[in-house]
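The values are calculated or read from the model by the stated rules, or taken from the named source; none is laboratory data. Bear in mind the structure is a predicted one, so any value in this text is a computation, not a measurement. When we count neighbours, we look across all protein chains shown, and the Cβ atoms used for this are built from the backbone with ideal geometry, even at glycine.
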Amino acid sequence: MRGWVKVVLVMILLAVVAGGLVLLVAGRPVAFEVLQRRTAARFPEVRWITTGELARWQEDTAQEQPLILDARTQPEFAVSHLGGAVPIDPYRPSLRSLQGASKTRAIVVYSSAGYRGARVARWLREAGYTSTVNLAGGLFKWANEGRSIFRDEGRPTAAVHPYDRRWGLLVKREYRILAPEVEKRSAAP
């Protein structure tokens, strides 16, 4: 019996080491893909937009621009956010953030990595906002791609609030700041 236990423990240890090596080599892209799949499985009714698609949309000034909602906490928003974003409380969302927007208006919701954004996007769809999408990878992926982020009064910045030490690893070191961790009020996917 002891021989089988050792074999099983060795197999588990090898699987953990192999998984760690894959993440070390493949890095953030794999982590974002895994997170995206798990979040999409948790919120199957939510539609998604990639960072590249949103960037192209914003560059096309002939097209009506979406309302962009930041589904992070106020301390996170104060550090940085997407240009023109309006904060919406991810834990107690309110329609006040929509400023009387039509229920057919294009809305892009984002959060740090996508989970809280998906929660708010689902809530908006349930409230009748039919053109709501969530940003895959959230602000973390957007910043990692070197896309513009802003702080108060539209001033450019390169700083990103890491949410907490673990999730902050999704943000490249040059963007991640030291900041108090966000109070966890929702379970991760």
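The residues of segment 107-131 that are in a helix (DSSP H, G or I) and surrounded by fewer than 16 Cβ atoms within 10 Å (Cβ to Cβ) amount to a single one, Glu126. Against the numbered list (1) part of a loop (DSSP other than H, G, I, E, B); (2) in contact with a helix residue (DSSP H, G or I) (Cβ under 9 Å, 6 or more places away or on another chain), Asn134 comes up short only at (1). In the set (1) in a strand (DSSP E or B); (2) modelled with pLDDT under 95, Gln36 fails one condition alone, (1). Scanning segment 136-187 for residues that are within 13 Å of Gly83 (Cβ to Cβ) and not acidic (Asp, Glu) yields Leu139, Trp142, Ala143, Arg147, Ser148, Ile149, Phe150, Arg151, Gly154, Arg155, Pro156, Thr157.
For segment 137-173, which positions are assigned to a strand (DSSP E or B) and either within 15 Å of the chain's Cα centre (by Cα) or of a type in the set (Lys, Arg) (or both)? Ile149, Arg151, Arg155, Val160 - these are the residues of segment 137-173 that are assigned to a strand (DSSP E or B) and either within 15 Å of the chain's Cα centre (by Cα) or of a type in the set (Lys, Arg) (or both).
Based on this model, can you work out whether Trp167 counts as over 20 Å from Leu54 (Cα atoms), among the aromatic types (Phe, Trp, Tyr) and modelled with pLDDT under 95? Yes, satisfied.
Residues of segment 44-77 that are touching a strand residue (DSSP E or B) at 6+ places or on another chain (Cβ under 7 Å) and aliphatic (A, V, I, L, M): Val46, Ile49, Leu54, Leu67, Ile68, Leu69, Ala71.
Applying a threshold of 9 Å to beta carbon distances and a minimum spacing of six or more residues, or different chains, the list of pairs starting in segment 94-112 at a residue that is on the phi > 0 side of the Ramachandran plot and ending at one that is modelled with pLDDT of 95 or more and buried (at least 18 other Cβ atoms within 10 Å of the Cβ) reads Gln99/Leu67. Yes or no: Ala106 out of contact with any helix residue (DSSP H, G or I) (no Cβ under 6 Å at 6 or more places or on another chain), over 15 Å from Trp48 (Cβ atoms) and small (Gly, Ala, Ser)? The answer is no for Ala106.
Scanning segment 54-106 for residues being part of a loop (DSSP other than H, G, I, E, B), surrounded by fewer than 12 Cβ atoms within 10 Å (Cβ to Cβ) and not hydroxyl-bearing (Ser, Thr, Tyr) gives a total of 7.
Among the conditions (1) among the basic types (Lys, Arg); (2) closer than 17 Å to Thr39 by Cα; (3) without any contact (Cβ under 8 Å) to a residue 60 or more places away in the chain, Arg173 misses just one, which is (2). As a summary of the residue check, Phe77 satisfies the conditions (1) closer than 19 Å to Arg47 by Cα; (2) touching a His at 6+ places or on another chain (Cβ under 9 Å); (3) free of Cβ contacts under 8 Å to residues at least 12 places away in the same chain except for the one numbered (1). Across segment 41-52, the number of residues qualifying as within 14 Å of Gly137 (Cα to Cα), in a helix (DSSP H, G or I) and over 12 Å from the mean Cα position of the chain (by Cα) comes to 1.
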